[in-house]
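Only one structure is covered here, and it is reproduced in the block below.
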């Protein structure tokens, strides 16, 4: 499989690159022009440019079999109250450019890393959780992931959105699993488990057109 990873310089994107290259996939990376140089360690080819510009994303998609989008709105720190350092609509603008490029290059499969709380999962968060999100800058991420999911749903592509609640950097040897009734919304999903989930669902036709809430044991 030839996989193109958007957001490949981030923590999740780097893990996707590492795992996919270990499976002897042809892995390409798309990053900002000033992104971390270390992505080249696992990527067969690195594309640099504006993630929100179809003129940049479309050429990178030539000959690709599938796409993984591991983007997020950056904050000054991981604190949910830290100021934003990227535009509040970054992920949805990038998704629009990626979808346009996929249509132009006739690429159909895309797995998008969203977040629990986006789209129809907002109502599944208890009132205290919604109040916390609304009072923090996480609200910008939830709103933008919601816009991205709507773009995917209208795209006609074979899309899957993954919705972890929270992420951490613990090691993991197994993929994350789909959330079950009774799971705590405070369960954190290791980024390593999320990356394994991305690679697993790429070939899962049963996940097409679905947003999957994720948890970890």
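The values are calculated or read from the model by the stated rules, or taken from the named source; none is laboratory data. Please read all numbers here as calculations on a predicted model, not as lab measurements. Cβ coordinates were reconstructed from backbone atoms using ideal geometry, including for glycine residues, and neighbour counts include every protein chain displayed.
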| request: Evaluate region 142-161: report whether one residue or more is touching a residue at least 60 places away in the same chain (Cβ under 8 Å), over 22 Å from residue 53 (Cβ atoms) and either assigned to a helix (DSSP H, G or I) or under 15 Å from the mean Cα position of the chain (by Cα) (or both). | output: no
| query | For residue 117, all conditions in the list (1) at pLDDT below 95; (2) at positive phi hold save one; what is the number of the exception? | reply | (1)
| said: Can you tell me which of (1) farther than 16 Å from residue 208 by Cα; (2) surrounded by fewer than 20 Cβ atoms within 10 Å (Cβ to Cβ); (3) touching a strand residue (DSSP E or B) at 6+ places or on another chain (Cβ under 8 Å); (4) touching a residue at least 12 places away in the same chain (Cβ under 8 Å) is the one residue 88 doesn't meet? | reply: (3)
| query | How many residues are closer than 19 Å to residue 68 by Cα, in contact (Cβ under 8 Å) with a residue 24 or more places away in the chain and either surrounded by fewer than 22 Cβ atoms within 10 Å (Cβ to Cβ) or in contact with a helix residue (DSSP H, G or I) (Cβ under 7 Å, 6 or more places away or on another chain) (or both) if we restrict to region 167-189? | reply | 5
| query | In this structure, is residue 78 more than 18 Å from residue 157 (Cβ to Cβ), in a helix (DSSP H, G or I) and modelled with pLDDT under 95? | reply | no
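Here's the yes/no breakdown for (1) surrounded by fewer than 18 Cβ atoms within 10 Å (Cβ to Cβ); (2) under 17 Å from residue 32 (Cβ atoms); (3) without any contact (Cβ under 8 Å) to a residue 60 or more places away in the chain:
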site	(1), (2), (3)
56	yes, yes, yes
65	yes, no, no
79	yes, no, yes
97	no, yes, yes
| request: Test residue 198 against the criterion of being surrounded by 18 or more Cβ atoms within 10 Å (Cβ to Cβ) and in a helix (DSSP H, G or I), and give yes or no. | output: yes
| Applying the selection to region 1-34, what residues are out of contact with any strand residue (DSSP E or B) (no Cβ under 7 Å at 6 or more places or on another chain), within 19 Å of residue 75 (Cβ to Cβ) and either touching a residue at least 24 places away in the same chain (Cβ under 8 Å) or not in a loop (DSSP other than H, G, I, E, B) (or both)? | 10, 11, 14
| note | Among residues of region 99-129 being over 12 Å from residue 64 (Cα atoms) and under 13 Å from the mean Cα position of the chain (by Cα), the residue surrounded by the fewest Cβ atoms within 10 Å (Cβ to Cβ) is 118
